[in-house]
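The values are calculated or read from the model by the stated rules, or taken from the named source; none is laboratory data. Computed from a predicted model, the values in this text were never measured in an experiment. Using ideal geometry, Cβ is built from the backbone for each residue, glycine included, and neighbour counts are taken over all protein chains shown. The area values use the complete protein model at the heavy-atom level, side chains included, leaving out ligands, DNA and RNA. Shrake-Rupley method; radii C 1.70, N 1.55, O 1.52, S 1.80 Å.
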Amino acid sequence: MRISRLLLRSGLTLAAAAALPTWLAGPTAAVSGISVSTTGTTVSVVTSACTQSNGSWGNASLLNSGQTSFAEGRQAALAGTSVSQSAAWTGVSPGTYTVVVVCSNGGTAGSQSVIVSAAAAPTTSSTTRSAAPARGVMGGLGGAARDYGPLTLGIGAALVGSGVIATGWYLRKRSKPYRL
């Protein structure tokens, strides 16, 4: 009897532990039929939910935080094939936006929020080739900026050695018990 109670308790604990991540996640949202991405100041949307009707796949709209309806946003026509349709907006200023896709049959393919970050400053790169350094990187003993002579290295070694000796002497002196 005692063993069966123990097994029952451990089974309930295991079941509760398995259900905890699902419970913490809360209610699940419906899966959107669109995929939104940003690259710099360009926002793009891809979907496969729309079908072509009268030569059109549908439209997508980019809504800023102050806009509430599809017609208020920046609209772009979907282009693509029966497998994938897409639209893009360039020159989008930083902020939070909602992308809504409406197919040509009037049905909504989905909506998704996206955050556009400030664009990073463009970087320049040199196109000229320079010769490889003759001696490579001067790391290790002697430093990386220039070649030091044996006198400088000897003085540095003497300073390091005297520091080690002084540290040993100090620690030995502190380890002796005080005598009264």
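The table that follows gives values for the structure above.
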| item | result |
| --- | --- |
| Residue match in region 30-39 (condition: at pLDDT below 55 and out of contact with any Ser or Thr (no Cβ under 9 Å at 6 or more places or on another chain)) | yes |
| Sole exception among (1) touching a residue at least 12 places away in the same chain (Cβ under 8 Å); (2) part of a loop (DSSP other than H, G, I, E, B) for Gly66, by number | (1) |
| So Ala60, is it open to solvent by 60 Å² or more (accessible area, probe 1.4 Å) and either modelled with pLDDT of 90 or more or basic (Lys, Arg) (or both) | no |
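Residues are listed down the side, and each one gets a yes or a no for (1) assigned to a helix (DSSP H, G or I); (2) under 19 Å from Asn59 (Cα atoms); (3) modelled with pLDDT of 85 or more:
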| residue | (1), (2), (3) |
| --- | --- |
| Ala71 | yes, yes, yes |
| Val92 | no, yes, yes |
| Thr123 | no, no, no |
| Arg129 | no, no, no |
| Ala132 | no, no, no |
| Met138 | no, no, no |
